Amino acid sequence: MKRIFLFSAIGGGVVAAIAIFLLFYVFAVTTQDYAISVDPIKDNQYLFNTARVMVTNTGKLPLTNIVVNYGGKVDKLTSLSPGENAMLSPPENSSLNSVTVTADHGIIVTKNYRTPIKIPGMMGS
């Protein structure tokens with residue numbers, strides 16, 4: 001009977017430790033005041049190409065004066081609230097190699113375009 005109680009106590013402690021780890025490290029809410037996520041995607045289809053850039057404010061405070069530079073041509077956003085995102089389409093004849101996003105408070109992010117995985121049987125595969 002004492003062994004069952006001992007193993008139950010140890011098991012409960014392990015479960016509690018794992019729950020605390022997940023709570024504070026895996027599911028943690030952002031702690032930075034100013035942060036941005038940039039996700040540029042280009043999708044080469046048989047008949048046409050599509051591209052988009054998703055810009056998301058992942059910080060705790062609003063971002064202002066956001067400039068998305070496609071390599072010479074730019075889009076400007078006045079502001080993005082925390083959690084807010086904007087989907088932008090690069091101008092025609094953009095190189096679609098990389099995109100640089102800048103904002104107030106020293107935010108500078110450069111990302112290369114990524115190509116989504118093609119699944120057999122799906123349009124564009």
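The values are calculated or read from the model by the stated rules, or taken from the named source; none is laboratory data. None of these values were measured; they are calculated from a predicted model. Note: ideal-geometry Cβ built from the backbone for every residue, glycine included; neighbour counts use all protein chains shown.
So that you can scan it fast, the table gives a plain yes or no per residue for (1) of a type in the set (F, W, Y); (2) at pLDDT 85 or above; (3) over 11 Å from A51 (Cβ atoms); (4) in contact with a Ser or Thr (Cβ under 8 Å, 6 or more places away or on another chain):
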| position | (1), (2), (3), (4) |
| --- | --- |
| S89 | no, yes, no, no |
| S95 | no, yes, no, no |
| V99 | no, yes, no, yes |
| I107 | no, yes, yes, no |
| T115 | no, yes, no, no |
| S125 | no, no, yes, no |
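So is A51 more than 17 Å from P116 (Cα to Cα), hydrophobic (A, V, I, L, M, F, W, C) and either out of contact with any Ser or Thr (no Cβ under 9 Å at 6 or more places or on another chain) or surrounded by 13 or more Cβ atoms within 10 Å (Cβ to Cβ) (or both) or not? Lay out the reasoning, then the answer.
Details: more than 17 Å from P116 (Cα to Cα): no; hydrophobic (A, V, I, L, M, F, W, C): yes; either out of contact with any Ser or Thr (no Cβ under 9 Å at 6 or more places or on another chain) or surrounded by 13 or more Cβ atoms within 10 Å (Cβ to Cβ) (or both): yes.
No.
Here is a check on your reading of the model: is N93 of a type outside the set (G, A, S) and farther than 21 Å from T58 by Cβ? Full working, then the answer.
Working: of a type outside the set (G, A, S): yes; farther than 21 Å from T58 by Cβ: yes.
Judged against the criteria, N93 is a match.
When only residues in the range 18-42 that are exposed (fewer than 10 other Cβ atoms within 10 Å of the Cβ) and either more than 30 Å from N69 (Cβ to Cβ) or more than 30 Å from the chain's Cα centre (by Cα) (or both) count, which is modelled with the highest pLDDT? Step through it out loud before you land on a result.
First pass over the range 18-42, keeping only residues exposed (fewer than 10 other Cβ atoms within 10 Å of the Cβ): 24-29, 31.
Okay, now just the ones that are also either more than 30 Å from N69 (Cβ to Cβ) or more than 30 Å from the chain's Cα centre (by Cα) (or both), so 24-28.
On the way: F24: 63, Y25: 60, V26: 56, F27: 55, A28: 55.
Only one residue fits best here, namely F24.
For S81, indicate whether it is out of contact with any strand residue (DSSP E or B) (no Cβ under 7 Å at 6 or more places or on another chain), surrounded by fewer than 13 Cβ atoms within 10 Å (Cβ to Cβ) and at negative phi. Walk me through how you get there before you give the answer.
Working: out of contact with any strand residue (DSSP E or B) (no Cβ under 7 Å at 6 or more places or on another chain): no; surrounded by fewer than 13 Cβ atoms within 10 Å (Cβ to Cβ): yes; at negative phi: yes.
Spelling it out, it is not the case that S81 is out of contact with any strand residue (DSSP E or B) (no Cβ under 7 Å at 6 or more places or on another chain), surrounded by fewer than 13 Cβ atoms within 10 Å (Cβ to Cβ) and at negative phi.
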